[in-house]
Structure formats: structure tokens, C-alpha cells
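**Q** Shown below is the structure under consideration.
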Amino acid sequence: MTDTTQLPLLSTGRTWQEMPAGLSFRTPGRTMTETDLVNFLGLSLYTEPLFLEADHAAEGGYTGRLIPGGLTFIVAEGLLQQTNVLHGTGLAFMHTDLDIRQPVYVGDTIHVDVEVTESRASSRPGRGVVTTRNLVRNSRGQVVMEYNPVRLIRGDDFG
């Protein structure tokens, strides 16, 4: 087979028109590990004792190895990417507000509940602006983080 241009893509993201307000879905889950924590701390240069020293975190009332909010956010975004909802259609992450509600610990499994809250055409043809409400939950169903990203998404007529 030399010409593969006619083969269908197995994963194609949704256009902004295919993401109407009210659309909801859940991402897969991911258990946060000690390795995740150590790798993130090394890469990000977080040197806060809260994340490096279990005794220091315990003095603050935490009951386990604490995961930084930045790592929780990054993993939440990765889980969203695994759904392929934006695969090849996402153009820009434009804005978000973020609220950390509860701590995440090594051993917690998180997933994201996503609801589209706004979907509209952008000022440029072939593009739309999609806003979602993303609730990051732990395995006990508790919301540990909420963020509301605004993304630029390709349209049906992108070209």
C-alpha cells in the first residue's frame, strides 16, 4: 500500500460545532505515584519542603505525600488529551481560572468530569471558542480541583 491518504484516521477530535453547550463526558483515571511526584519536582524545580519532606507536610495537617496543584493540573489536561476530543482540532489554550479545593496525595486516582458551558464561532472563520467546566475528582468522588478552560477549536470549515 503506497497511497495512504485515503485511509481514515482512527482518532479525530471534535470541531467546535460538535461541542455544544451541555455536552458532558468523563476522562479515564490515573493514579498519582511517588515517581510522578519526584519526576515533577525535579523537572519543575519545586523546592518547597511541603512536597519534599513528609514531616513538614504532616506539620501542616496533611495526611500523606502531597501532590502539587501544578502536577494535578498537568495530569488532568493529559487525561483530557487521552479522550482524543481535541486530537487535531485544538488550536490554542487561551485562558483558564483554577480553584484547588482539596489536596491530592500519592496513591489517589483522579479523573476529570468535563461539561461544555459555551461554544461559539470566533471572530476568524473556521474557528470557534469552547469553554468547559472541568471538575477533577479523586477516587472518593471529591472535587479536588476545578478549572474552566477557554480553547480555540477548529470548525467544520477550517482551511
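**Q** Quick check on packing: order 142-148, 6-12, 111-117 by the mean number of other C-beta atoms within 10 Å, highest mean leading.
**A** Order by mean packing, descending: 111-117, 142-148, 6-12.
**Q** Next question. Taking springs between alpha-carbon atoms closer than 10 angstrom, which of PRO49, PRO68, PRO28 fluctuates most in the Gaussian network model of the chain?
**A** PRO49
**Q** Something else about it: Where a ≥ b ≥ c are the square roots of the eigenvalues of the C-alpha gyration tensor, would you call the range 96-159 rounded, which needs a/c under 1.5, or, failing that, prolate if a/b is larger than b/c, or oblate?
**A** Since a/c reaches 1.5 and a/b is larger than b/c, the shape of the range 96-159 is classed as prolate.
**Q** Assuming a ≥ b ≥ c are the square roots of the Cα gyration tensor eigenvalues, decide whether the range 23-66 counts as rounded (a/c under 1.5), prolate (otherwise, with a/b larger than b/c) or oblate.
**A** Values: a/c = 2.69, a/b = 1.70, b/c = 1.58.
Since a/c reaches 1.5 and a/b is larger than b/c, the shape of the range 23-66 is classed as prolate.
**Q** So what J values fall out for the range 132-139 if you push phi through Karplus, 6.51 cos²θ - 1.76 cosθ + 1.60 with θ = phi - 60°, rounded to Hz, Gly and Pro as x?
**A** 10, 9, 10, 9, 8, 10, 8, 5
**Q** Can you give me the accessible area per residue for the chain, using a 1.4 Å probe, in Å²?
**A** Averaged over the residues of the chain, the accessible area is 57 Å².
**Q** Once every DSSP H run of n ≥ 4 in the chain is given -39500 (n - 2.57) and the sum is divided by its residues, what mean residue ellipticity at 222 nm do you get, rounded to the nearest 500 deg cm²/dmol?
**A** On the way: 4 runs with 35 residues, N = 159.
Computed mean residue ellipticity for the chain: -6000 deg cm²/dmol.
**Q** Relative to the first principal axis of the alpha-carbon coordinates of the chain, what is the inclination of helix 69-82, with its axis defined by its Cα atoms, in degrees from 0 to 90 and to the nearest 10?
**A** Between the helix axis and the principal axis of the chain, the angle is about 30 degrees.
**Q** Same structure, new question: Sequence gap at least 6, Cα distance under 8 Å: using those rules, report the relative contact order of the range 102-159 to the nearest whole percent. Numbers along the way, then the final one.
**A** Values: 111 pairs, mean separation 19.9, N = 58.
Computed value for the range 102-159: 34 percent relative contact order.
**Q** What's the carbon and sulfur percent of the chain's accessible surface, probe 1.4 angstrom, rounded to a whole number? It would help to have the intermediate numbers written out before the result.
**A** On the way: 4750 of 9010 Å².
On the chain, the fraction of accessible area on carbon and sulfur atoms equals 53 percent.
**Q** Could you please tell me the mean projected area of the C-alpha convex hull for the range 3-159, averaged over all directions and given in square nanometres to one decimal?
**A** Working: hull surface 45.3 nm².
Over every viewing direction, the Cα hull of the range 3-159 projects on average to 11.3 nm².
**Q** Near the amide H of THR89, under 5 Å away, which other amide H atoms are found, from residues 5 or more places off or on another chain, if H is placed in the peptide plane?
**A** GLY13
The values are calculated or read from the model by the stated rules, or taken from the named source; none is laboratory data. Since the model is a prediction, treat every value here as computed from it, not as a measurement. All Cβ positions, even for glycine, are placed from backbone atoms using ideal geometry, and neighbour counts span all protein chains on display. Surface areas here come from the heavy atoms of the whole protein model, side chains and all, with no ligands, DNA or RNA. Shrake-Rupley method; radii C 1.70, N 1.55, O 1.52, S 1.80 Å.
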